[in-house]
Amino acid sequence: MKSKLLTRAVRLATLAAVAAPASVFAGGFSLNEQSASAMGTANAGAAANPENATTVYFNPAGMSQLKGTNISFGAAILDIDAEAKDGARANSQLPSAYPQSEVQGTTGGDIADPALLPNLYLTHEVNDSIDVGFGIHAPYGLAADYDDDFVGRYFADKTELTALSFTPAISVNNGQGLSMGIGLNVLYVEGKLTKFVDNSGTIAGAGGNVVPGTPEQGYADIEGDDVAVTFQVGFLYELNSQTQIGLKAQTGTELELEGDAKFTDFAAVDPASGFVGAIDSTEPASVPLAIPESITASIRHRLNGEFTVLAGATYARWSRFESLDIYGRDSSKPLTSNSPGGMPDQLTHIPEEWKNTWQLNVGGIYQATPEWAFKAGYAWDESPVDQYVTARIPSSDRHWLTLGAQWKPAQSGWTIDAAVGTLLFTDDPKVSDQSYVLTPAGTVPNPRDPNSVYEGEYELEAWSAAIQISKAF
């Protein structure tokens, strides 16, 4: 695990977690809300419209069009309603013929709390040809937290992913309208997965050979963190005084979140006595996690002194995220040695099989006065969730509508941006979870647990608001 000081800094900067399913906000677990100035147009044309220092994130080549030293900082607040509808049901490990096979519980409540997402960006003009910049922001995140009596608690309880990116960047330009920028995203990522453990099948299978007081459910808590690096390269080209185009490409990476898996009251057979009893075990574990490659193309066109139109598209290779797996790192430990996930040392296997996605954006800016500008934007945002819709990440495609305003007092150098947005979902996602294991032939239903299922339909609503302060020195 990384130092406690770094962990506390990350938690402070990201306010502990982005408290909603990341799939609510953007493709996969990416987060749209990185800048109030760009959010006002639903991020349309952001790679071709370097208004301020946030271009470090959207396209580092855009730093070449900023003069002097620039700073932008702000935050977005996200408020989400995400809850399973009445009628959600689950079955335990026991066959349906058993009267107690149906899991008793509630729909789990609203799994998402409001959260704050801060950001900070800086740029500096070294000379006429070179600019440098730096950003701190949270590009990825997800969280969901069900009530403890959730009917699907054997499949999901808490799901958290927080990521903080430190982004140094540099840009060069040829003085004839072409700029190129490169940057690094140094990512610190930590995750947490918890769920209740169903002991009913193990207890029933033991007949009377059960230690008195063995509970019918236990608990699993897995935490880990990692540091990784992705690279970004951007280009910006001024076609003429009215139109410019931008392109940004970003590499993916593989994370290995390492930490501990803590199991409490897990029903297991004592080899010495043959009796089933509850054990507690803390086992070193790791969770592989894929960050996708992406490419963004943008265009900005000034119709006249008052109106500007913007458009863009982003393609992300979310098919890298094939499954959510947990591996033990010590084969001598009780659960790791049992490999309940299927493959050697695998504790859990949750198939995801995400698909690649598109996000398409259009927007406009109306410069009403020299001090005031008003913005609007729309984005079509595909969900990568495809065949497997799980309780940990319920998701569907959505429309993103935004409005924004910008106030720039004359001669002050200060600019204030504010934006609001709402998400309209095309479907209520239908979750159908069951127990799976990974074999050399691929994912198959768990032959040791053929009865466990969870089914539920989810209602999703979301809105966001952001503010940003920028200054040119």
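For the reader, a short list of remarks on this structure follows.
- When the trypsin sites (Lys or Arg not before Pro) in segment 375-449 are filtered for DSSP coil states and for at most 16 other beta-carbon atoms within 10 Å of their beta-carbon, the remaining sites are Arg448.
- A dipole drawn for segment 307-409 from +1 and -1 charges on Cβ atoms has a positive end, and of Thr336, Gln359, His349 the residue lying farthest that way is Gln359.
- Alpha-carbon centroids, segment 102-131 and segment 243-303: separation in whole Å: 17
- Under the Karplus curve 6.51 cos²θ - 1.76 cosθ + 1.60, θ = phi - 60°, whole-Hz ³J(HN,Hα) for segment 147-162, x wherever Gly or Pro sits: 4, 4, 9, 4, 5, x, 5, 7, 10, 7, 10, 10, 9, 9, 9, 10
- The chain, accessible area per residue, ligands and nucleic acids excluded (1.4 Å, Å²): 42
- Applying a DSSP loop filter and a limit of 13 other Cβ atoms within 10 Å to the trypsin sites (Lys or Arg not before Pro) in segment 82-187 leaves Lys85.
- Surface/4 estimate of mean projected area, convex hull on alpha-carbon atoms of segment 312-469, nm²: 13.3
- In Å², nearest 10: area of Ile295 left accessible to a 1.4 Å probe: 80
- Volume per residue that the Cα convex hull of segment 370-409 spans, once the total is divided by residue count, Å³: 82
- Percent accessible area from carbon and sulfur atoms, the chain, protein chains only, probe 1.4 Å: 57
- Among 141-150, 326-335, the order from most to least packed when residues are scored by Cβ within 10 Å on average: 141-150, 326-335
- Protection proxy ranking, highest mean first, for peptides 69-75, 224-230: 69-75, 224-230, where packing is the per-residue count of other beta-carbon atoms within 10 Å, averaged.
- Relative to its residue count, the chain spans a Cα convex hull of 136 Å³ per residue.
- Tensor-based shape of segment 379-473 (alpha-carbon gyration tensor, a/c under 1.5 rounded, otherwise prolate or oblate): prolate
- Computed from backbone phi with θ = phi - 60° and the Karplus coefficients 6.51, -1.76 and 1.60, the 3J(HN,Hα) list for segment 316-323 is 10, 8, 6, 5, 5, 8, 8, 6 Hz; x is used for glycine and proline.
- Rounded to the nearest 10 degrees, the inclination of helix 4-14 to the longest alpha-carbon principal axis of the chain is 60 degrees.
- Solvent-free Debye calculation, one equal scatterer per alpha-carbon of segment 223-292: log10 I(q)/I(0) at 0.12, 0.13, 0.24 Å⁻¹ equals -0.61, -0.65, -1.01.
- Alpha carbon centroid spacing (whole Å) that separates segment 312-342 from segment 352-410: 30
- Descending semi-axes in Å of segment 329-371, equivalent ellipsoid built from Cα gyration tensor: 54, 15, 6
- Mean Cα-pair separation over length for the chain, i.e. relative contact order, pairs under 8 Å, 6 or more apart, %: 19
The values are calculated or read from the model by the stated rules, or taken from the named source; none is laboratory data. Since the model is a prediction, treat every value here as computed from it, not as a measurement. Using ideal geometry, Cβ is built from the backbone for each residue, glycine included, and neighbour counts are taken over all protein chains shown. The protein model used for the area step is the full one, side chains on, heavy atoms only, and it has no ligands, DNA or RNA in it. Shrake-Rupley method; radii C 1.70, N 1.55, O 1.52, S 1.80 Å.
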